[in-house]
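Scroll down for the structure; my scribbles are underneath it.
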Amino acid sequence: MQTVRSQLFEGITNEECARMFQCFGAREAGYEAGALISEFDGEQNAVGVLLSGSADLVRLDADGNRTILETLEEGGVFGEVLAFSGAGGDSIFLECRRDCRVLYLDYDQITKRCENACLHHSILVQNLFRLLSTKTLRLSERVEVLSRRSIREKLLCYFEQLARREKSDTITLPFSLSALAEYISADRSAMMRELKKLKEEGLVQTENRKITIMQ
């Protein structure tokens with residue numbers, strides 16, 4: 001099994017990972033772009049790690065409106081316990097954006113008491129709970145973006161969040177402009193017009209997916 005780069009395995013050596021994967025009965029699966037990786041319907045009991053590629057966590061409401069909740073890149077972690085809960089009949093699923101390889105670990109195997117009291121197992125559990133905290137923070141940031149009334153305010157709020165995260169006034173969008181429109185729940189054409197106005201007013205500069213926030 002290939003070396004896995006993910007915050008879930010931070011502080012754990014490749015050799016320790018290999019032993020855990022064998023103990024947990026870890027399995028790999030491949031997906032092509034556009035394929036459904038996982039649907040969060042309350043019946044999943046595994047934690048998935050993206051070994052390669054990228055994927056979008058998507059919400060589809062009862063009216064067919066699609067919203068990207070999160071974008072996962074290599075090393076990203078997902079699962080029922082880590083997903084945003086759906087409400088009112090909304091469907092939550094993970095869709096492959098670029099061809100993916102996914103490693104699956106049974107959640108019960110991770111959280112059960114280790115008979116050998118392995119230190120790396122304890123570290124894995126600590127990492128999992130840290131990831132839960134991070135995802136809670138990301139959800140709070142998402143709510144902050146969506147609570148803004150105008151498209152302009154949503155864009156600037158999101159750009160400022162990325163700037164704080166990357167500690168730089170020049171940020172790189174984690175997805176395309178079409179996906180950005182879905183992320184902020186805005187019409188793409190309207191969003192592009194507002195982005196153009198922000199550039200004309202000297203508030204931002206853009207180059208492909210790079211955005212520079214002007215002071």
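Which residues, counting only those in the range 194-215, are without any contact (Cβ under 8 Å) to a residue 12 or more places away in the chain, surrounded by 12 or more Cβ atoms within 10 Å (Cβ to Cβ) and either part of a helix (DSSP H, G or I) or not hydroxyl-bearing (Ser, Thr, Tyr) (or both)? So that I can check it myself, show each step before the final result.
Initially, the range 194-215 is screened for residues without any contact (Cβ under 8 Å) to a residue 12 or more places away in the chain, giving 196, 199-201, 205-208.
Filter once more, so that each one left must be surrounded by 12 or more Cβ atoms within 10 Å (Cβ to Cβ): 199, 205-206.
Selection gives 199, 205.
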Looking only at the range 87-101, and only at residues there that are surrounded by fewer than 17 Cβ atoms within 10 Å (Cβ to Cβ) and modelled with pLDDT under 90, the one that is nearest to residue 41 (Cα to Cα)
91
Looking at this structure, is residue 144 touching a Cys at 6+ places or on another chain (Cβ under 8 Å), surrounded by 13 or more Cβ atoms within 10 Å (Cβ to Cβ), in a helix (DSSP H, G or I) and free of Cβ contacts under 8 Å to residues at least 60 places away in the same chain?
yes
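Does residue 101 meet the test of being under 20 Å from residue 54 (Cβ atoms) and either part of a helix (DSSP H, G or I) or of a type in the set (S, T, N, Q) (or both)? Lay out the reasoning, then the answer.
Values: under 20 Å from residue 54 (Cβ atoms): yes; either part of a helix (DSSP H, G or I) or of a type in the set (S, T, N, Q) (or both): no.
The answer is no for residue 101.
Has the range 17-37 got any residue that is in a loop (DSSP other than H, G, I, E, B), of a type in the set (D, E, K, R) and closer than 30 Å to residue 177 by Cα? Spell out the reasoning first.
Start the filter on the range 17-37 by keeping residues that are in a loop (DSSP other than H, G, I, E, B), which leaves 25-26, 32-35.
Right, trim to of a type in the set (D, E, K, R) and you get 32.
Remaining after also requiring closer than 30 Å to residue 177 by Cα: 32.
The answer is yes; a qualifying residue exists.
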I'd like to know if the range 190-199 contains one or more residues that are within 24 Å of residue 58 (Cα to Cα), at pLDDT 85 or above and within 19 Å of the chain's Cα centre (by Cα).
no
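Looking for whichever is in contact (Cβ under 8 Å) with a residue 12 or more places away in the chain and under 30 Å from residue 109 (Cα atoms) here; the options are 177, 137, 131. Which one fits? Before the answer, list the steps.
Values: 177 fails: under 30 Å from residue 109 (Cα atoms); 137 fails: in contact (Cβ under 8 Å) with a residue 12 or more places away in the chain.
That would be 131, the only listed residue that is in contact (Cβ under 8 Å) with a residue 12 or more places away in the chain and under 30 Å from residue 109 (Cα atoms).
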Do we have residue 153 as more than 21 Å from the chain's Cα centre (by Cα), surrounded by 14 or more Cβ atoms within 10 Å (Cβ to Cβ) and part of a helix (DSSP H, G or I) here?
yes
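The values are calculated or read from the model by the stated rules, or taken from the named source; none is laboratory data. Predicted model, so just to flag it, every value in this text is computed and none were measured. Counting neighbours? That spans all protein chains shown, and the Cβs are built from the backbone with ideal geometry, glycine included.
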